[in-house]
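The values are calculated or read from the model by the stated rules, or taken from the named source; none is laboratory data. These figures come from a predicted structure and were not determined experimentally. Cβ sites come from the backbone with ideal geometry, for glycine too, and all protein chains shown count toward neighbours. The area values use the complete protein model at the heavy-atom level, side chains included, leaving out ligands, DNA and RNA. Shrake-Rupley method; radii C 1.70, N 1.55, O 1.52, S 1.80 Å.
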Amino acid sequence: MPQEKQADQKMGANSGEQISEYDFSRCKLCAANTARPKYTLKNTTVYACDACDFHFINHLDSLPSETPSDAAIPLDRKALDYIEGRLPDSEKQLRKNLLLVKRHLSLSGAHCLDIGAGAGLFAHLLAEAGAVVHGIEPQSIFRQFAQRKFGIALKRETIDARYWQQGFSGFFDVVTLWDVFEHVNFPAETLQNAYDVIKPGGWLFLDTPRRNALYYRISEWSYRLSNGENPLFLESLYSPLPFRHKQLFTQRQLLKLVEKTGFSVVHMQSSLLRQHNKMVIVCRKQ
Ligand SMILES: [Zn+2]
């Protein structure tokens, strides 16, 4: 059963300057002007590309997200307890992710960047493992939490910002994108930006829900058979709310994209047994 695990906690990258005038007939994956509305949901429309079959919704987050009012939201006791209460759920998965990273390299002294760091838990686990940690989290309340709980100063600037692209070009041993790729405005650009801050021979670790999972196909069948009346899980898989799912990749689309970006794929897991039908991909910059 798909769930929106942490979806309201997490976000990733990519400000993108042409958001307000973005033409959704332009495919966010292959950039051809061949995308068309396919599924009309309650609050959003899923576009599908005729050329590459990428699925994405007609919504983009406006970034930087931090309006003055957002910046003013204090991390009060209630917010702190709420975020804290949700940590154990994510900790189990993030500890598995840490083991995956450690299977491929030694973290001692490694420079790591966690994009979409949320409450900072994975950055904390990396630091515990001896890594030198950097993290990106555009939502102020989570940065405040990470600072208070873990003593980690996450950056507000998204990965496309000059801060990273000029200051950290070819710098990192490891970049991680856990549960982020489905949330960003422009995933192909995010991946390219991540590639550019990784050093030659450095590593990228990424997980994201798999679109060609059974529940997605059943939802598509249901939508067609009911003439759009019953889209089943499609309603919960996509959302125009800030930082929710904007696109879902098939395994083939994800593999093709990472290879086109210049990564070589070291390891790919895609199993129905994985939580939330996620794909996990491990790549190296050549
Ligand atoms: Zn396309």
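Summary table
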{"quantity": "Cα-centre dipole for the range 20-133 with unit charges at Cβ (Lys and Arg positive, Asp and Glu negative), debye to 20", "calculated": "480"}
{"quantity": "All Cα pairs of the chain, percent lying beyond 32 Å", "calculated": "21"}
{"quantity": "Share of carbon and sulfur in the accessible heavy-atom surface of the chain [1.4 Å probe, %]", "calculated": "50"}
{"quantity": "When each of Lys42/Lys155; Lys155/Lys285; Lys92/Lys260 is checked by Cα-Cα distance, pairs over 30 Å", "calculated": "Lys42/Lys155; Lys92/Lys260"}
{"quantity": "Positive-end extreme of charge dipole, the chain - chosen from Gln247, Leu125, Asn33 (charges on Cβ)", "calculated": "Leu125"}
{"quantity": "Note, ³J(HN,Hα) from phi for the range 77-83, Karplus 6.51, -1.76, 1.60, rounded to Hz, x at Gly and Pro", "calculated": "4, 5, 5, 4, 5, 4, 5"}
{"quantity": "Amide H contacts under 5 Å for Thr250, placed H, 5+ residues apart", "calculated": "Arg211"}
{"quantity": "Over the range 88-140, volume per residue of the alpha carbon convex hull, in Å³", "calculated": "71"}
{"quantity": "Net dipole in debye of the range 92-202 [+1 Lys, Arg Cβ; -1 Asp, Glu Cβ; about Cα centre; nearest 20]", "calculated": "460"}
{"quantity": "Chymotrypsin sites (Phe, Trp or Tyr not before Pro) within the range 93-186: DSSP coil, no more than 16 neighbouring Cβ in 10 Å", "calculated": "Phe171"}
{"quantity": "Protein-only accessible surface order, largest first, of Met279, Met268 at 1.4 Å", "calculated": "Met268, Met279"}
{"quantity": "Cα-based helix-to-principal-axis angle, 140-150 vs the chain, degrees rounded to 10", "calculated": "40"}
{"quantity": "Span from the the range 114-188 Cα centroid across to the the range 228-253 one, whole angstrom", "calculated": "24"}
{"quantity": "Residues whose placed amide H lies under 5 Å from that of Met279, excluding near-sequence neighbours", "calculated": "Thr208, Arg210"}
{"quantity": "For the chain, with +1 on Lys and Arg beta carbons and -1 on Asp and Glu, the positive-most of Leu214, Leu154, Val197 along the dipole", "calculated": "Leu214"}
{"quantity": "Dipole in debye (nearest 20) - the chain, about Cα centre, beta carbon charges: Lys, Arg +1; Asp, Glu -1", "calculated": "780"}
{"quantity": "Nonlocal amide H pairs with Thr45, under 5 Å, H built at 1.01 Å", "calculated": "Asn58"}
{"quantity": "Exposure of Val197 as accessible area (Å², to 10), given a probe of 1.4 Å and all protein chains", "calculated": "0"}
{"quantity": "Cα-based convex hull volume of the range 180-247 per residue, rounded to whole Å³", "calculated": "96"}
{"quantity": "Per-selection metrics, the range 165-286 (Cα): Rg and Dmax in Å", "calculated": "16.0, 52"}
{"quantity": "Solution diffusion estimate, µm²/s, Stokes-Einstein, the range 45-181, Kirkwood Rh from C-alpha pairs, 20 °C, viscosity 1.002 mPa s", "calculated": "130"}
